[in-house]
1. Can you spot a residue in the stretch B:179-195 that is open to solvent by 10 Å² or more (accessible area, probe 1.4 Å), farther than 21 Å from B:S22 by Cβ and modelled with pLDDT under 90?
2. Of all residues being of a type in the set (D, E) and farther than 20 Å from B:Q131 by Cβ in the stretch B:105-117, which is most open to solvent (accessible area, probe 1.4 Å)? Just the residue, please.
3. Here's a check for you: in the stretch A:167-183, which residue that is crowded, with 21+ Cβ neighbours inside 10 Å and of a type outside the set (V, I, T) is nearest to the other protein chains (Cβ to nearest Cβ)?
4. Which residue is farthest from the chain's Cα centre (by Cα), if the candidates are limited to the stretch B:53-78 and must be facing chain A (nearest Cβ under 10 Å) and aliphatic (A, V, I, L, M)?
5. Tell me yes or no: at least one residue of the stretch B:52-74 is aliphatic (A, V, I, L, M), in contact with a Leu (Cβ under 8 Å, 6 or more places away or on another chain) and closer than 21 Å to B:G139 by Cβ.
6. When you scan the stretch A:262-316, how many residues do you find that are open to solvent by 60 Å² or more (accessible area, probe 1.4 Å), of a type in the set (A, V, I, L, M, F, W, C) and more than 29 Å from B:L92 (Cβ to Cβ)?
7. Go through the stretch A:188-204 and give me each residue that's touching a residue at least 40 places away in the same chain (Cβ under 8 Å) and at the interface with another protein chain (Cβ under 7 Å from one of its Cβ atoms).
8. All but one of (1) farther than 19 Å from A:S188 by Cβ; (2) open to solvent by less than 30 Å² (accessible area, probe 1.4 Å) hold for B:A102; state the number of the condition that does not hold.
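The values are calculated or read from the model by the stated rules, or taken from the named source; none is laboratory data. It should be emphasised that the depicted structure is a prediction, and the values quoted were computed from it without experimental measurement. Cβ coordinates were reconstructed from backbone atoms using ideal geometry, including for glycine residues, and neighbour counts include every protein chain displayed. Note: accessible area is taken over every heavy atom of the protein model, side chains too, but ligands, DNA and RNA are not part of it. Shrake-Rupley method; radii C 1.70, N 1.55, O 1.52, S 1.80 Å.
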Amino acid sequence: MLSRRILLPAAAALAVFVVLQTAISAELLNAYQITILTYACIFVTYALGLNVIYGYNGQFSLGHAAFYGIGAYASALVTKIVFQGNPLSFPLALAAGVATAAAIGYLIGLPILRLRSDYLGIATLGFGIMVKVLFDNADKVIPAMGGARGLTGIPKLTSFAWAFFAAAAAVILVRNLIYSSHGRAIVSVREDEIAADAMGINTTKYKTLAFVVGSGLAGLAGGLYAHLYVFLHPSNFDFLKSVDVLMVVVLGGLGSMTGTIIAAVGWVFLLEGLRIVLPQEFLDWRMVIYPLVMIIVMILRPRGLMGGIELGPLKPGKVVRRLKAALVPASGKEA
Amino acid sequence: MLLEVKDLQVAYGAISAVKGVSFGVDEGEIVTLIGANGAGKSTILKTISGIVRAKAGSVLFAGAEITQTAPHDVVKMGVCHVPEGRRIFANLTVRENLLMGAYTRSDGDAIKGNMERVFQRFPRLKERLSQPGGTLSGGEQQMLAMGRGLMASPKILLLDEPSMGLAPILVQQIFDIIQEINQSGTSILLVEQNANMALSVANRAYVLETGTISLSGPAAELRANAKVQEAYLGEAGALA
């Protein structure tokens, strides 16, 4: 049932991977460049999670970095402490990161998802601060977590391939979720929660589902991040990290997977690219240039780069369209 | 009684909106609740569909207690609420809006049949099938909201102010459709400020004043009632 529309982009993505991986294997790229490429993939996964929560489900979250951090710490503890750095434990560690972040997302989501818009934003912000303080003081309970001194000695297990395929898996997961009937329920909550209630949609369930999926993806990204930079510090998961990812999702366009991918990769490349382009004494200007870029993008494209637009395989699938056509055969032609 | 509301009380915090209201809708009836702004009409509908919780009293549907039932379960039982202000999904297409209405149903053939029936009743929707709901005119949006409600094959339809903000000719059209829907076997509980129109289609009516029922009876009787004419119908009503 795989159409050309799916196969071609999949082949293209694979080709991109093969080219980059070959360049890495042939040592055409230096360690710094590889790290940036890998980090861009991680950021895609991280941002896609928030797009599910905020972009598709409409639940304003200012605490996404908390789940990123939870995934990072949980998976780092698994490889470093439980398995003493055994590389074979990496998949298990990533799974532990996803599971911990998703489980905590579920527990915190149940009480706070009753809140709406700004109030939810404040609650998630509070949660994010709480988690950061917890990381700061975690060494008092679990010495290995390092507290404010940071968690060191994590094995470097995240390769470009891991990050790339994790991001690809995240894209496929989100796409299939959003275009399922569950996805339509998730989107209807964003559109109008009272109407969704009146249509018989269990809005609590779908808000929780979106929050758990989004948190889980942040946890996956966190696990990859921990094993890329091999050092975790609570400040890596503070409020500003939640704002970063929020900016990327809004900049890319709420409810657009294509937009999130472009904005996440673009944002990482822009920040690092400026580091290369700008002379040493102007490096601080990065923090002036990138907000300017954001302001300009928002003025030119108020709904984000790709607001409401999807490209290629991320458009509503043929399967979805066929299903809809089957539901309304006559009108399909006339419409 | 298909739907029975007994001594219902609803409060928003310290402010009580509904202060002990009892009424019922029989199978096949159109019953209307009329009253001024803030009388508690919409609150009663929201409480029936479970979006707002009752403080005291009970709601029975087909004999079953639904006072504490979650909104999505109430819909599954056959109660569909078409909320005030249409509340269509603006960024979803007309087709997607209708499919959302059939969300609680899993039988593909039944959904298809329902959609065909909605198109027969609202041909305009068929023309606008792949347009985002938000781009429809007010009247079309009201049709979409009602069509979306019908997609759930409800036993009773709760309509909240279907005539709000519509041109008189559209109001007439909407009320004709309400009667048609009723004739094809769906009971209707209608909340309206346009008391004249509501009383002309309803079998029975209740007049709501600041959270309590002040008058009730057959719609035709209330229409002739001097107090009702003075308070809700105005001269146009008296002449009609």
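1. yes
2. Once the filter is applied, the top-ranked residue is B:D109.
3. Kept after step one, since they are crowded, with 21+ Cβ neighbours inside 10 Å, are these residues of the stretch A:167-183: A:167, A:170, A:174, A:178, A:183.
With of a type outside the set (V, I, T) added as a condition, the list becomes A:167, A:170, A:183.
Values: A:A167: 26, A:A170: 23, A:G183: 11 Å.
So, considering only residues that are crowded, with 21+ Cβ neighbours inside 10 Å and of a type outside the set (V, I, T), the one nearest to the other protein chains (Cβ to nearest Cβ) is A:G183.
4. Kept after step one, since they are facing chain A (nearest Cβ under 10 Å), are these residues of the stretch B:53-78: B:70-77.
So of that shortlist, the ones also aliphatic (A, V, I, L, M) come out as B:70, B:74-75, B:77.
On the way: B:A70: 18, B:V74: 15, B:V75: 13, B:M77: 16 Å.
The residue in question is B:A70.
5. To start, the set of residues in the stretch B:52-74 that are aliphatic (A, V, I, L, M) comprises B:52, B:54, B:56, B:59-60, B:62, B:64, B:66, B:70, B:74.
Subset that is in contact with a Leu (Cβ under 8 Å, 6 or more places away or on another chain): B:54, B:56, B:59-60, B:62, B:66.
Checking the rest, the ones that are also closer than 21 Å to B:G139 by Cβ come to none.
So far as the stretch B:52-74 goes, no, none of its residues is aliphatic (A, V, I, L, M), in contact with a Leu (Cβ under 8 Å, 6 or more places away or on another chain) and closer than 21 Å to B:G139 by Cβ.
6. Here the count works out to 10.
7. A:E191
8. (1) is the only condition that B:A102 fails.
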